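I have placed the structure first, in the form of structure tokens, so that the comments after it can refer back to it.
The values are calculated or read from the model by the stated rules, or taken from the named source; none is laboratory data. Since this is a predicted model, take the numbers as computed values, not measurements. Methodologically, a virtual Cβ is constructed for each residue, glycine included, from the backbone with ideal geometry; neighbour enumeration extends over all protein chains shown. These accessible areas exclude ligands, DNA and RNA; they are computed on the full protein's heavy atoms, side chains included. Shrake-Rupley method; radii C 1.70, N 1.55, O 1.52, S 1.80 Å.
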Amino acid sequence: EKATTIPTTLKDIDIDLCLQNSKKLCVKIDELKPRVDEAIRQQKVMEVSFNNFERYELLKIAAKFTVKLYEAVDQWLKLSVTMTKIPFKEINVEIFKKDIQSLKDHAEKLKEESPKETEYPLLDELLSKINEIEPYIKQLQQLSHGKMQLRHWNLLFESCDHKDQYHDEITIGELLRFGILFAKEKINEITATSQG
């Protein structure tokens with residue numbers, strides 16, 4: 001139960017505590033191995049079969065999977081802080097792109113590895129959150145590499161029905177919320193103009 005009880009949503013999770021406890025649990029499970037091996041050896045010597053410890057192997061897999069899942073969630077929460085708290089102009093979009101892609105690959109691999117009979121709503125929510133930002137990386141790159149002046153930003157915001165809502169500390173989260181990143185054609189046009 002300790003190894004497989006996982007919070008169902010991102011807002012329910014205390015990631016530092018969950019990750020720390022999961023890692024400790026993995027160590028405890030690994031420390032059981034000599035005792036399990038000895039019990040199996042004794043059964044062979046006595047030529048009996050009480051328990052093949054199949055569930056021990058499943059437990060090891062489940063505990064390791066949980067640690068990997070929590071590490072992915074931890075990575076997402078850090079990226080989420082970048083998106084909602086750090087001004088867009090201060091973000092290195094190329095590193096952000098690599099981090100998002102790496103996390104997406106990791107989460108998809110976890111989805112493939114996850115035990116088929118078990119549901120992981122936390123993993124599904126994580127993938128969903130990644131998929132909300134990942135399609136707009138190209139637009140973020142254009143805005144980052146364009147020589148965007150205040151007038152260009154204002155023009156872009158105005159064309160998206162958000163006149164006078166641009167500010168110098170704008171975040172990726174706000175660009176998403178205002179629907180700015182959905183305006184692919186406008187971004188193409190305005191970033192081309194901004195670069196002369």
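Odds and ends about this structure:
- Against the conditions (1) closer than 26 Å to D14 by Cβ; (2) crowded, with 16+ Cβ neighbours inside 10 Å; (3) at pLDDT 95 or above, K97 satisfies every one except (1).
- Residue in segment 1-14 that is modelled with the lowest pLDDT, counting only those that are within 15 Å of K64 (Cα to Cα) and buried (at least 16 other Cβ atoms within 10 Å of the Cβ): A3
- Of all residues in segment 1-40, those satisfying the criterion of being closer than 21 Å to L127 by Cβ and among the β-branched types (V, I, T) are T4, T5, I6, T8, T9, I13, I15.
- Helices (runs of 4 or more DSSP H) (entirely within segment 97-196) containing at least 1 residues that are under 15 Å from W76 (Cβ atoms) and free of Cβ contacts under 8 Å to residues at least 12 places away in the same chain: 121-133
- Number of positions in segment 1-48 that are in contact with a helix residue (DSSP H, G or I) (Cβ under 6 Å, 6 or more places away or on another chain), farther than 27 Å from V81 by Cβ and among the small types (G, A, S): 1
- Which numbered condition L17 misses (of (1) assigned to a loop (DSSP other than H, G, I, E, B); (2) open to solvent by 70 Å² or more (accessible area, probe 1.4 Å); (3) hydrophobic (A, V, I, L, M, F, W, C)): (1)
- The single condition from (1) modelled with pLDDT of 95 or more; (2) exposed (fewer than 15 other Cβ atoms within 10 Å of the Cβ) that L150 fails is (1).
- Of the residues screened, A72 is not one that is modelled with pLDDT under 95, assigned to a helix (DSSP H, G or I), within 29 Å of L110 (Cβ to Cβ) and not aromatic (F, W, Y).
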